[in-house]
Amino acid sequence: MSRAVIYETFGGPEVLQVREVPQPHAGPGEVRVRVTAAALNPMDWILSSAPEWAEQFGITMPSGFGHDFAGVVDEVGAGATGCAVGDRVYGGALGQAVADFV
């Protein structure tokens with residue numbers, strides 16, 4: 001298991017919860033990143049508090065939280081190229097960044 005910040009209803013910071021979730025694994029053409037830092041920006045708060053905005057971005061409940069992350073690749077799926085285990089990376093994962101792994 002791993003941890004992720006999720007919310008099951010729209011609202012402010014009070015709806016966010018740290019939960020145990022199944023550990024994700026890299027699928028074909030994907031990498032898994034062990035998150036070492038996540039940044040929050042205004043869009044994260046808009047998506048978690050405004051259903052009309054969340055719908056436009058395909059956010060459904062329950063949802064993870066955050067977009068921007070940095071970390072270390074710790075798993076590489078079959079056919080994934082350009083990254084190797086141990087590479088330091090940064091990127092975006094809509095509704096997934098505030099977690100142990102993306």
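Return the residues of region 6-65 that are among the aromatic types (Phe, Trp, Tyr) and either in a helix (DSSP H, G or I) or open to solvent by 60 Å² or more (accessible area, probe 1.4 Å) (or both); say none if nothing qualifies.
10, 45, 53, 57
Return the pair list, or none, for Cβ contacts closer than 9 Å from residues in region 24-46 that are modelled with pLDDT of 95 or more to residues that are of a type in the set (Lys, Arg) and surrounded by 14 or more Cβ atoms within 10 Å (Cβ to Cβ), at least 6 apart or on different chains.
Every condition considered, the pairs that remain are 24/32; 25/32; 26/32.
How many residues does region 47-70 contain that are touching a helix residue (DSSP H, G or I) at 6+ places or on another chain (Cβ under 7 Å) and touching a residue at least 60 places away in the same chain (Cβ under 8 Å)?
Matching residues across region 47-70 total 2.
So in region 75-102, with the set limited to residues that are touching a His at 6+ places or on another chain (Cβ under 6 Å) and among the hydrophobic types (A, V, I, L, M, F, W, C), which one is nearest to residue 17 (Cα to Cα)?
Taking the candidates together, the pick is 97.
Select from region 1-20 the residues that are closer than 17 Å to residue 94 by Cα and in contact (Cβ under 8 Å) with a residue 60 or more places away in the chain and list them in ascending order.
3, 4, 5
Criterion first (more than 12 Å from the chain's Cα centre (by Cα), of a type in the set (Gly, Ala, Ser) and open to solvent by 20 Å² or more (accessible area, probe 1.4 Å)) does residue 79 satisfy it?
Yes: the conditions hold for residue 79.
The values are calculated or read from the model by the stated rules, or taken from the named source; none is laboratory data. Given the structure is predicted, the values throughout are model-derived calculations rather than measurements. Methodologically, a virtual Cβ is constructed for each residue, glycine included, from the backbone with ideal geometry; neighbour enumeration extends over all protein chains shown. All accessible areas refer to the heavy atoms of the entire protein, side chains included, with ligands and DNA or RNA removed. Shrake-Rupley method; radii C 1.70, N 1.55, O 1.52, S 1.80 Å.
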